[in-house]
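Encoded as structure tokens, the structure appears first; notes follow it.
Please treat every number below as a calculation from the coordinates, not as lab data. These numbers come from a predicted model, not from an experiment. Every residue, glycine among them, receives a Cβ derived from its backbone with ideal geometry; neighbour counts consider all protein chains shown.
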Amino acid sequence: MSAIPMGYALGLAAILFALGLVGVLVRRNIIFVLASIEVMLNAAGLAFLAAGARWGRADGQVMFVFILAVAAAEVSVGLAIALKCRRHLGTLDIDAISKLKD
Amino acid sequence: MHAVLPFVPFFPMVAFAVLALAGGRMAPRIIAITGVAPTALSALLTLITTGAFLGAPPDGRVLSVSFWTWVHIGGFAPKIAFYLDPLSLVMMLVVTFVGSLILLYSVEFMKGQEGYRRFFAYMNLFIGSMLILVLSSDLLFLLVGWEGVGLSSYLLIGFWYGDPANGAAARKAFIVTRVGDTALLVGLLLIFTQLGSLDIQNTMGSAQAEWARGSGMATAAALLILSGAIGKSAQLPLQTWLPDAMAGPTPVSALIHAATMVTAGVYLVARTHVVFDLAPAAQMVTAIIGAATLLYAGLSALAQTDIKRVLAYSTISQIGYMFLALGVGAWSAAIFHLMAHAFFKALLFLAAGLVIKAMGEEHDIRRMGGLRKDLPIVFWTFLIGAASLAAFPLVTAGFFSKDLVVDLTLSSQRGNLFLWVVAVVGALVTSLYAFRVVFLVFFGDPQSTLPRSTSPQERRGRGFGKASVVPLLVLATLAVAGGWMQLPRQWGGPSAFTDFLQPVLPAPATRVGGFAESAAPQVIVAVISVAAIYLSYLLFARRPAVVAGVAEHPLFQRLSNLALSGWGFDRLYGAVFVTPFLWLTRGGRGDVIDAGVSTIAWLARLLQRLLRRSQSGRLRYYVAAASFGVIAFIAVGILR
């Protein structure tokens, strides 16, 4: 089985991460921001997997499982915040939630 | 007995803690019980202890209870310990009994007032601190009680903190007594460095062994202790705080003047009398201060128009008598007068409180009059108190105690004719001002209409129930009968009080023969105090027109204004200390050090103004900033 070169996998991870970051920066809907964060997390997971495969170690896969767990927790909290936000402010626009300032 | 003693100061302190920490909504009834019962219990324990003491042989009347060593640094090991001897016992009796009577009185007097619970908490702290002061066996532990008394007096004088004037009076009391306290602290340090201990009994013993009579060290120590005593006991020149301390509620004045606070100085000097014995110069100073104060305050009291201020100056004057007695070495006479004074002064204040209440918070005695019929019980008790204050012969406690003081002023070897004359003139002035109040308030025509109330319900509503009247009656009894245990030596009667104190406070060496030993001085004093009462009757009740006529003379008016303001001491201190101090602080406001500090503040404010721009509340900016920051760091890490 011919291995995919690590550079490809890392390049894909970098592209995914950049896409996710841009999503976080430009999206206004909280749901999409959360989805973008998810993309970023998975990009990091992909990088771990690629590195684990390159050196033939299990650590990369362990870390990915960790990231999955963290992502699940993050989404549950994030969605709860989104729900609350909808109920209190009547909007999911992230720019509307700018009360926490001087 | 060992087991009982610690509970005496413990009970009021526990009451204070409970009342202070309980917070929230305690029912007034519960507050009253928590506030009064522990001190009453202490009084009961004191009574039991007294019984045991009287049963013991004279040299077995000592009790010491040691708890633990406070700190232990090198040779410095002050103890938390109580020491009870006849002197402490007398003080303990006065504090607990008069204290609990005043607390009982306050139950009704303060009813419905804002801060009922706070009031009882502070009062208990006051009594507890005073008990620690009189029972402590170590000068450092004594200082704890001393400062506790100062603190609670501050809290109570400023009890009605809503009025800034009351807060100012409280601060004044605290700061002026602080001058004396500082001197006392220096005195304690001197004693410690010279004698290596602060335990009272050890210190007194080694002072006697190491310091020669009249040596500089003994004089310095005695003068420093005296300064502390002067501050607390409101003697010249630190007396200015006491008249202003009338800003507090009347029961507080009664407590400050009778049971706690001002008597602390007298107790301290009596407690350390060995040092004073070694320093005749300091003792002379004590006597002169006492004599000057008793005249000064007596003359001021004569001109006061506020009933409470008359009593305040009268206290200063009577404490002056005690200092005079201490100054001539008549230690037990001073304590005897302290006790008698506690009874009649508490009585006078409590009665005055009821008068003021009945008049609808009117303090001015010129606007009172004819209250004899409206307030019969208050009138009779006040009359007894005033008679005791004026040393009405043969009956009152004040007569026996003051007679002892005045007698020893002349017959003690440390006393002299000059001091005696001052004391006698003081007795004349005392009778004059005491009965001036009686005649102006209770006799004559009503100057302003008393809001009359005839129904018992209304009367109780103004604080005339049992709890107000019983303390008056008990104190009136004590103000008369409290002196019968000690009859003048010329009469050859019992001298139980001085005998009881003899092991602690030895009687002064007296002159033999001559004028001093004859009955003449005693008769002169008695005649003068009665004659002064009659003079007071003539001036203030029979022919008020004469006084009014003299009062219009401009010279007299200026004199009386001067006396009214306490002979200008406040103005003098204002000009000499307060104004220069304020000027200095104002001048120091913009100096170099201040400029440095303000620059730092200015810089911080500038940075803050810049940084607050970055906090917009927009999440995307934060994310962008964080990512660019991370990218920048990574870039630096790679490219370096």
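Compared with the dominant principal axis of the Cα atoms in chain B, helix B:262-271 is inclined by about 80°.
Fully extended, how many nm does the chain gain between B:LEU610 and B:LEU538 (0.36 nm per residue separation, minus their Cα-Cα distance)? Gain on stretching B:LEU610 to B:LEU538: 17.8 nm.
Scaling the Cα radius of gyration of the stretch B:151-202 by the globular reference 2.2 N^0.38 Å produces a ratio of 1.63. Short-range pairs are left out: with C-alpha atoms under 8 Å and at least six residues apart, the relative contact order of chain B is 12 percent.
With viscosity 1.306 mPa s and temperature 10 °C, the Kirkwood radius over alpha carbon pairs of the stretch A:7-101 converts through Stokes-Einstein to a diffusion coefficient of 109 µm²/s. Taking Cα atoms only, the orientation of helix B:116-135 departs from the longest principal axis of chain B by about 70 degrees.
Residue by residue along B:609-618, Cβ atoms of other protein chains within 10 Å of the local Cβ number 3 on average. Note on A:VAL77 and B:LEU189: with the Förster distance fixed at 45 Å, the Cβ-Cβ geometry gives a FRET efficiency of about 0.10. Packing-based ranking of A:61-71, A:35-45 yields A:35-45, A:61-71, ordered from highest to lowest mean Cβ neighbour count within 10 Å.
For the stretch B:259-378, the relative contact order comes to 28 percent (Cα pairs under 8 Å, sequence separation of at least 6).
Loop exposure criterion: GluC sites (Glu not before Pro), DSSP state outside H, G, I, E and B, at most 11 other Cβ atoms within 10 Å. Applied to chain B, the longest stretch between such sites is B:362-640. With a cut-off of 13 Å between beta carbons, the residues surrounding B:VAL578 carry a summed charge of +3, where Lys and Arg count +1 and Asp and Glu -1. Estimated from helical segments only, the mean residue ellipticity of the protein assembly as shown at 222 nm is -23500 deg cm²/dmol, where each DSSP H run of four or more residues counts as -39500 (n - 2.57). Per the Debye formula on identical point scatterers at the alpha carbon atoms of chain B, with no solvent, log10 I(q)/I(0) at q = 0.07 Å⁻¹ is -0.48.
Relative to the longest principal axis of the Cα atoms of chain B, the long axis of helix B:280-303 makes an angle of roughly 80 degrees.
Principal semi-axes of the equivalent ellipsoid, √(5λ) from the alpha carbon gyration tensor of the stretch B:46-96, are 27, 12, 8 Å from largest down. Using a cut-off of 22 Å between Cα atoms, the listed pairs B:LYS111/B:LYS357; B:LYS232/B:LYS466; B:LYS232/B:LYS357; B:LYS232/B:LYS345; B:LYS373/B:LYS466; B:LYS79/B:LYS232 include B:LYS232/B:LYS466; B:LYS232/B:LYS357; B:LYS79/B:LYS232 as exceeding that distance.
With the simple spin-label model, which puts each label point 7 Å out from Cα in the Cβ direction, the B:LEU428 to B:ALA509 separation comes to 3.3 nm. Taken one residue at a time, the phi angles of the stretch B:164-176 give Karplus couplings (6.51, -1.76, 1.60, θ = phi - 60°) of x, 4, 5, x, 5, 4, 5, 5, 4, 4, 5, 6, 5 Hz. Gly and Pro are set to x. The dipole here belongs to the stretch A:7-101: it is taken about the Cα centre, uses +1 on the Cβ of Lys and Arg and -1 on the Cβ of Asp and Glu, and is about 280 debye. Taking packing as the residue-averaged number of other Cβ atoms within 10 angstrom, the listed peptides B:560-568, B:96-104 run from highest to lowest as B:96-104, B:560-568. Site pair A:HIS88 and B:LEU559 shows an inter-label distance of 7.9 nm when each label is modelled 7 Å from Cα along Cα→Cβ. With each label modelled as a point 7 angstrom along the Cα→C-beta vector, the B:ILE634-B:ILE524 pair spans 10.7 nm.
Near B:ASP138, the amide H atoms lying under 5 Å from its own belong to B:ALA81, B:ILE200; only residues 5 or more places off or on other chains count, and H is placed 1.01 Å from N. Legend: mean number of C-beta atoms from other chains within 10 angstrom of residue C-beta atoms, peptide B:620-633, equals 2.
Counting every alpha-carbon pair across the stretch B:324-404, the share separated by more than 18 Å comes to 49%. The Cβ shell under 13 Å around B:PRO28 holds other residues with a net charge of +3, Lys and Arg each +1, Asp and Glu each -1.
Plainly put, the protein assembly as shown has a radius of gyration that is 1.23 times its Kirkwood radius, both from alpha-carbon atoms, as the Rg/Rh ratio.
Computed from the C-beta positions of B:LEU572 and B:LEU603 and an R0 of 60 Å, the FRET efficiency is 0.85 to the nearest 0.05.
A Förster distance of 56 Å, applied to the separation of the beta-carbon atoms of B:PHE418 and B:ARG618, puts the FRET efficiency at 0.05.
Tally Lys/Arg at +1 and Asp/Glu at -1 over every other residue whose Cβ is under 10 Å from the Cβ of B:LEU19; what's the total? In short, +2. Full extension of the segment from B:VAL546 to B:MET284, taken as 0.36 nm per residue of separation minus the current Cα-Cα distance, would add 90.3 nm. Each Cα pair under 8 Å and six or more residues apart adds its separation to the average, and for the stretch A:7-101 the resulting relative contact order is 28 percent.
For the stretch B:1-114, the average shadow cast by the Cα convex hull is 9.4 nm², which is a quarter of the hull's surface.
About the centre of its Cα atoms, the protein assembly as shown shows a dipole size close to 2320 debye [charges on the beta carbon of Lys, Arg (+1) and Asp, Glu (-1) only; nearest 20 debye].
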